[in-house]
Amino acid sequence: MTSDPLQKIAICGAGLAGLMCAAALSKILPEDIEITLIDINGASKTDMFYGTATTPASYKFLLDIGISEPDLLPQSNTSFSLGTRYIDWGSKKRSWTQSFHQALPVIDGVQFHHYLTRIGGRRPELAKLESYIMSVQAAKKSVFAHPPQDRKIPLSNVEYGYHFLPNAWRKLLAEIIAERRIKIIKADIGRVRRDNHHILGLDLTDQTTIKADLFIDCLQPSSILSSERQKNLTGRRQLVAASSFAPEQTVEGVCRELTGLDSGWAAKTPLQNGEHTLTICAPSSEDSAFRAHETAPTKIASARIGVCDKPWVNNHLAIGHSAAILEPLTPASILLLQRDIERLLELIPVSSDMTVESREYNRRFKEDYEHGTAFQRGLFESSGTASSAYWKDAQSEPISTKLDSKITQFQSRGAVVQYDLEPFGKEDWVQLHIGMGRIPRRYDPLAEKMPEERLLQTLENIKTANESMASKLPSHHIYLTKLLQYFRKKHD
Amino acid sequence: MKIRNICILGGGTSGWMTAAGLSNKLNGLGIDIQLVESDQIGTVGVGEATLPHIRFFNNSLGIDEREFMRATRATFKLGIEFCDWGRVGDAYIHPFGDYGEPINDIDFHHFWLRLWQLGHKSRLDDYSYPILAAESGKFQLPGPDAMKIGSNFGYAYQFDSGRYAQFLRRYSEARGVIRTEGKAVMSSADPETGFITSIQLEDGTSIEADLFIDCSGFRGVLIEQELKTGYADWSEWLPCNRAVAVQCEAAGPSLPYTRATAREAGWQWRIPLQHRIGNGYVYWNEHISDDEAAHRLMSTLEGPALAEPKQLYFKTGKRRKLWNKNVVAIGLSGGFLEPLESTSIHLIQEGITALLELFPDKAIHSSDIAEYNRRMDLNFDRVRDFLLLHYVATQRDDSEMWRYFRNMTLPDSLQEKIEAWSHRGYLLRYEHGVFLPPSWVAVMAGQNLLPRAYDMRANALTLEDVKMRLDSIRRDSLAAVSQTPSHADYLKHYGAAAKEIA
């Protein structure tokens, strides 16, 4: 390799981002790289903004950093997630289930949703996308089982993420890395020694100085560590998050329920032993948002939503909230944190010259966040009457050229415009557009070729197969309870 | 209002591929498709070598592989051999398949580089079944188990593109495409929209249509001569502007790969078909005269020439809008990129696929045009970068042309790719575009551009473990090749050889 290989990495902050990053690096990097985690006060202050739901990408991500379901489920109150049900969403009070799902069928070379547009003209009752998505049918009945491999079984099309609490994951991650080779220091940063944009060392409050080849910043934006480039966030909105937890014996539901409120929204997330409520609102409407909690919220955080333009400058890399904070409206927040870590793993510097690594990291970061925020922005109208500060601010956020093409193409002809390596796939976008009432004006002319009788039969078959499958599955609660019993028994 | 008539102007490979693709998919929708071509106008017969994607095209048309191969005198193709590109005397094969297999999600070449840097040097090619099979002139179709070596590679064809056009003509005519013999001399346009409403042929016939596909070749009769769309000239990056082509008799059994040999002022292709070999010299006329180029070509033929050499003139680049108003340019009318990586037919195919996915109404939406052009621009740009890579990832400086490339400022998209590879073996990935990371590895490593460092995660495995895994892949690949029949025998037994040849 090169003459001055990377030897020391310092992770600053032991919030969710810092702990995940530490778990990933200690699992995947060779032993001779020294990893220090500095547990700095307040690093988890904005963790609520990672939300409570992940996408199917979490399964592999966690496995890669050394956490399998038998580690995860019994120790972290985590449950399975088939998606989010949006209720009374937006000015039109729309409701739909945004589920995780593998590719919808392509029939005779035509994507499935075009057939629904075709049939919708005459038989609107047959054009409901949700009837044909196995994940949605399972979510509606609150049933769950791990999807099998056999593609003939409708359940094999289901994908799942997790419902989680940031503090429960922090606890689990802290236990895991305590057994790994990471040096953990509990102290605050007194002074950052810099030479231009290069970090030379951190003087800690315990009188030690930390030197490293690469400093990974897992604090908040505008922390003592932040560089000028990282302080420069794109967003303008300030949001307040509040959460409460209601313990329950039997928790039904395998889908997060997110209800639009005048003040913003409230999400109810079913976990193993209770239901978690998260509300998001503009600072001016806290009182009314807090009323959406059954008991007074126990945790409150406020953050400015936005993305910085260069997370990696010289030997200083900002990941997670130190580089970007998203509204926890979709699983984009946690998905993009995972992507930050994956991007870093692929680009662990090979020498002290990090020009190539930082440029490529920043390029991918920019694209990922551009695509992720487009998905979130897609959940709001572009104009219309807004009732409160939250909705007004959300609607006045700009629509990117890419999002504009996606919406225009879908509304015009049901075409799903896709860019390179997007965090959200075709199926996510089709569900989002249709959920938001963006019904294509035309459909693929090739969809016309299927005789109507065959089309009706095909639709009926898919629908019946899904319903019949859903009726055979155990409730999520029972499935999870039994799985936990099995994991625990195996562990003993 | 729906499209009722489509007029394809020009036969040849692009015209008949378009006719076949559209007639197959639009069949039964009450859309009339006409194709106008003139026997007086020769076709260029772009690229006789293809990429694996053509199999999807043929499959979607429901074409039987054996029948197609017999009709077009096709051979199988496992990749392209590049001679004299990195340095004079070098050779490597760009295969249709990966090198080795990723370990813990880390690309194979990092492990190979780790051993290389420790002095355990081996050919990267030895971990690629398609390369090893090609080198020994062997071929068989991939097996059913995609996890196994000898089953997870791609393959394409080398064929007679004139016969392919004929084959697709029969296919299209059987599906209702009307062929009209004639030469377009004039067209009429709607004064308000500028849409072409009809074209007039030499004999006075007028053909009206809602949508025109311009497959008229370099001239771009509708897209350029009528609509004045404009051309993005890329000859600054890819300056070769002429070619001379000739077919010759084959001397030995046909090989399952194409060859591209770098020359002082361009490069020479060799494409083996069942019954002959296609040869051509692509060159930059500032550095070699037409006569010299023709002489050079003729003097390197391995068998007697079957015809007089044919001269071609071109300017590398792309139409500013591949779809403009109600005209879609598919094939050479849309742009030209030298056939160094067999992309001509692929770009035709991409054009047809995108057109079908964005098939318009009669009142063509500007959003459909914009999305089509965005997709196709991306395709062209990415192919351009990949072609240019061959000229710049080299140590050659033995002629004016090679020195020209040494001093070139590259497009950022390419520069960053090369830097990331050279620095640490990292590949900038994309999803939409034809050449995937293994292709980039093939060319960069094949032209002696080896990274200075590799992904540090590759050090997480013990050295013994890495050696063992690499050895086992190499052994398995060799074993799989020893079980593979010769390409010529396989063609015959598979039933793909034309009768008069077999």
Quick one: which of A:Lys171/A:Lys310; A:Lys426/A:Lys463; A:Lys45/A:Lys92; A:Lys8/A:Lys45; A:Lys45/A:Lys268 span more than 24 angstrom between C-alpha atoms? A:Lys171/A:Lys310; A:Lys45/A:Lys92; A:Lys8/A:Lys45
I'd like the orientation of helix B:12-26 relative to chain B: the angle between its Cα long axis and the longest Cα principal axis, in ° from 0 to 90, rounded to 10. 80 degrees
As a quick test, which of the pairs A:Lys140/B:Lys25; A:Lys128/A:Lys406; A:Lys402/B:Lys321 have an alpha carbon distance above 27 angstrom in this structure? A:Lys140/B:Lys25
Two-decimal log10 I(q)/I(0) for the protein assembly as shown, as the Debye equation yields it once each C-alpha is a single scatterer, q = 0.07 Å⁻¹: -0.69
With everything on Cα atoms, drop me the angle between helix A:166-178 and the longest principal axis of chain A, reported from 0 to 90° to the nearest 10. 50 degrees
Could you name the lysines in cross-link range of B:Lys318, using Cα to Cα under 16 Å and dropping any fewer than eight places away on the same chain? B:Lys228
Per 0.36 nm of contour for each residue apart, how much would the distance between B:Asp412 and B:Ala305 grow if the chain were fully extended, relative to their Cα-Cα spacing? 34.2 nm
Descending principal axes extents, chain B, alpha-carbon based, whole Å: 76, 51, 48
The long-range amide H neighbours of B:Thr180, using H built 1.01 Å from N in the peptide plane and a cut-off of under 5 Å, are B:Leu35, B:Val36, B:Glu37
Using only Cα atoms and rounding to the nearest 10 degrees, what angle (0 to 90) does helix A:332-346 make with the longest principal axis of chain A? 50 degrees
Furthest towards positive pole of dipole, A:His113, A:Asn77, B:Leu29, structure part the protein assembly as shown, Cβ charges: A:Asn77
For a quick protection proxy, order the peptides A:151-161, B:172-182 by their average other-Cβ count within 10 Å, most packed first. A:151-161, B:172-182
For peptides A:334-345, A:454-465, B:243-254, A:269-280, sequence by mean Cβ density within 10 Å, most packed first: A:334-345, A:269-280, B:243-254, A:454-465
Run the quick spin-label model on B:His295 and A:Ile300: label points 7 Å from Cα toward the beta carbon, then report their separation in nm to one decimal. 9.0 nm
Expected vector for the stretch B:174-181, Karplus 3J(HN,Hα) from phi with 6.51, -1.76, 1.60 and θ = phi - 60°, integer Hz, x for Gly and Pro, equals 5, 9, x, 6, 9, 9, 10, 7
Given q = 0.15, 0.20 Å⁻¹, what are the Debye log10 I(q)/I(0) values for the stretch B:61-145, with equal point scatterers placed on the Cα positions and solvent ignored? -0.75, -1.07
Shape metrics for the stretch A:392-437, restricted to C-alpha atoms - Rg then Dmax, Å: 11.1, 31
Over chain A, what lengths in whole Å, largest first, do the semi-axes of the equivalent ellipsoid take, defined as the square roots of 5 times the eigenvalues of the alpha-carbon gyration tensor? 39, 25, 23
Nearest-0.05 FRET efficiency for A:Arg363 and B:Thr205 at R0 = 51 Å, using Cβ-Cβ distance, is 0.40
Tensor-based shape of the stretch B:345-502 (alpha-carbon gyration tensor, a/c under 1.5 rounded, otherwise prolate or oblate): oblate
A correct Karplus calculation of ³J(HN,Hα) over the stretch A:363-377, with 6.51 cos²θ - 1.76 cosθ + 1.60, θ = phi - 60°, whole Hz and x for Gly and Pro, returns 5, 5, 4, 4, 5, 4, 6, 4, 6, x, 6, 4, 4, 5, 5
Relative contact order for chain A, counting Cα pairs under 8 Å that sit 6 or more residues apart, in percent: 22 percent
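Enter the mean number of other protein chain beta carbons within 10 Å of the beta carbon of each residue in A:439-446, as an integer. Intermediate results must be reported in sequence, preceding the final value.
Details: counts 0, 0, 2, 6, 0, 5, 10, 8.
The mean count of partner-chain Cβ atoms within 10 Å per residue comes to 4.
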Find out how many positive minus negative residues lie around B:Gln166, taking Lys and Arg as positive, Asp and Glu as negative, among other residues whose Cβ is under 11 Å from that of B:Gln166. +1
Derived scalar couplings ³J(HN,Hα) [the stretch A:91-106; Karplus, 6.51 cos²θ - 1.76 cosθ + 1.60; whole Hz; x for Gly, Pro]: 5, 8, 6, 7, 9, 6, 9, 9, 9, 8, 7, 6, 3, 5, x, 10
Fully extended, how many nm does the chain gain between A:Glu453 and A:Asp4 (0.36 nm per residue separation, minus their Cα-Cα distance)? 154.6 nm
With each label point set 7 Å from Cα along the Cα-Cβ vector, what nm distance links B:Ala146 and A:Lys392? 5.3 nm
Report the net charge of residues surrounding B:Leu356, where surrounding means a beta-carbon distance below 10 angstrom and charges are Lys +1, Arg +1, Asp -1, Glu -1. -1
Can you report the principal axis dimensions of the stretch A:1-151 using only the alpha carbons, biggest first, rounded to whole angstrom? 69, 37, 31
Please state the charge dipole magnitude for the protein assembly as shown, taken about the Cα centre, from unit charges on C-beta atoms (+1 on K and R, -1 on D and E), reported in debye and rounded to the nearest 20. 1540 debye
Expressed in nanometres to one decimal, the distance between label points 7 Å along Cα→Cβ at B:Ser235 and A:Glu228 is 4.6 nm
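Regarding the stretch A:82-121, what's the average projected area of the Cα-atom convex hull, expressed in nm²?
About 4.0 nm², averaged over all directions.
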Expressed in nm to one decimal, what extension gain is obtained for the pair B:Ser472 and B:Ala91 from 0.36 nm per residue of sequence separation less their Cα-Cα distance? 134.7 nm
Between A:His491 and A:Ile184, what FRET efficiency comes out of the Förster formula 1/(1 + (r/R0)^6) with R0 = 25 Å and r the beta carbon distance, rounded to 0.05? 0.45
Around A:Gly190, what is the net charge, scoring Lys/Arg as +1 and Asp/Glu as -1 over all other residues with Cβ under 13 Å from its Cβ? -1
Long-range HN-HN contacts of A:Ile184 with modeled amide H, under 5 Å: A:Leu37
Can you list the residues, at least 5 places off or on another chain, whose amide H is less than 5 Å from the amide H of B:Leu332, using H built in the peptide plane? B:Gly217
Quick one: how many Å² of A:Val106 are accessible to a 1.4 Å probe, rounded to 10? 90 Å²
Averaged over its residues, how many other protein chain Cβ atoms are within 10 Å of peptide A:102-114's Cβ atoms? 1
Taking only the alpha-carbon positions of the stretch B:423-495 and ignoring solvent, what does the Debye formula give for the base-10 log of I(q)/I(0) at q = 0.16, 0.20, 0.22 Å⁻¹? -0.92, -1.07, -1.10
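Calculated FRET efficiency, B:Glu181 and B:Gln225, Cβ-Cβ r, R0 25 Å, to nearest 0.05? Could you put the intermediate results ahead of the total?
Details: r = 21 Å, r/R0 = 0.83.
Rounded to the nearest 0.05, the efficiency is 0.75.
The values are calculated or read from the model by the stated rules, or taken from the named source; none is laboratory data. Predicted, not measured: the structure shown is a model, and the values here were computed from it. For neighbour counting, all protein chains shown are included, and Cβ atoms are generated from backbone atoms with ideal geometry for every residue, glycine included. Just so you know, the surface numbers come from the protein's heavy atoms only, side chains and all, with ligands and any DNA or RNA stripped out. Shrake-Rupley method; radii C 1.70, N 1.55, O 1.52, S 1.80 Å.
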